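Down below is the structure, laid out as structure tokens.
Only the coordinates and a few stated rules stand behind these numbers; no lab work does. Since the model is a prediction, treat every value here as computed from it, not as a measurement. Neighbour counts run over all protein chains shown; Cβ positions are idealised from the backbone, glycine included.
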Amino acid sequence: MPEHFHILITPSVTLERAVQFIKGGFSFRAKKELNSSMEIWQVGFSDHRIRDAEDYGIHVEYIWRNPVGRKLVESAAEYPYCSAFPGSLKDEVPQWLKPVDETKLDGAAKAAPLQKEQAIVAPKGAPLQEKGVSSKN
């Protein structure tokens with residue numbers, strides 16, 4: 001989007017530090033290359049901890065629907081700054097994400113099974129809306 005972006009990250013440092021690296025690095029380079037002293041980022045950010053594979057999928061779909069909902073493209077795969085764009089580089093889904101099986105919640109700790117990479121098809125249509133949540137950013 002022209003005025004914001006979404007990113008799914010698994011930082012190796014604190015989340016705040018990871019965002020500082022992203023925003024600070026981009027700001028430094030942009031100001032240098034554009035010879036500008038203009039502020040680029042708003043203060044702060046919003047975050048959400050991904051709970052499981054289903055939650056991960058919901059957020060991937062939401063991200064993919066953003067350029068479609070903004071009417072920038074008809075399909076997320078057409079937007080060159082979207083992970084749905086063919087050939088875009090992205091990491092694999094974290095191995096620790098696993099589907100929630102509520103029938104097996106017995107309190108015992110279990111190891112996360114290895115997951116095979118699943119093909120995700122870029123959705124079409126309006127931005128994903130959860131109950132009681134506005135799609136406006």
- Note on the structure: Within the range 31-62, of all residues that are surrounded by 13 or more Cβ atoms within 10 Å (Cβ to Cβ) and of a type in the set (G, A, S), the one nearest to S88 (Cα to Cα) is G57
- Residue list for the range 48-62, restricted to those being out of contact with any helix residue (DSSP H, G or I) (no Cβ under 8 Å at 6 or more places or on another chain) and either in a helix (DSSP H, G or I) or hydrophobic (A, V, I, L, M, F, W, C) (or both): A53, E54, D55, Y56, G57, I58, H59, V60, E61, Y62
- What do you reckon, is S12 farther than 17 Å from P94 by Cα and part of a loop (DSSP other than H, G, I, E, B)? no
- Task: Looking only at the range 5-47, count how many residues are closer than 22 Å to S83 by Cα and in contact with a helix residue (DSSP H, G or I) (Cβ under 7 Å, 6 or more places away or on another chain).
- Result: 7
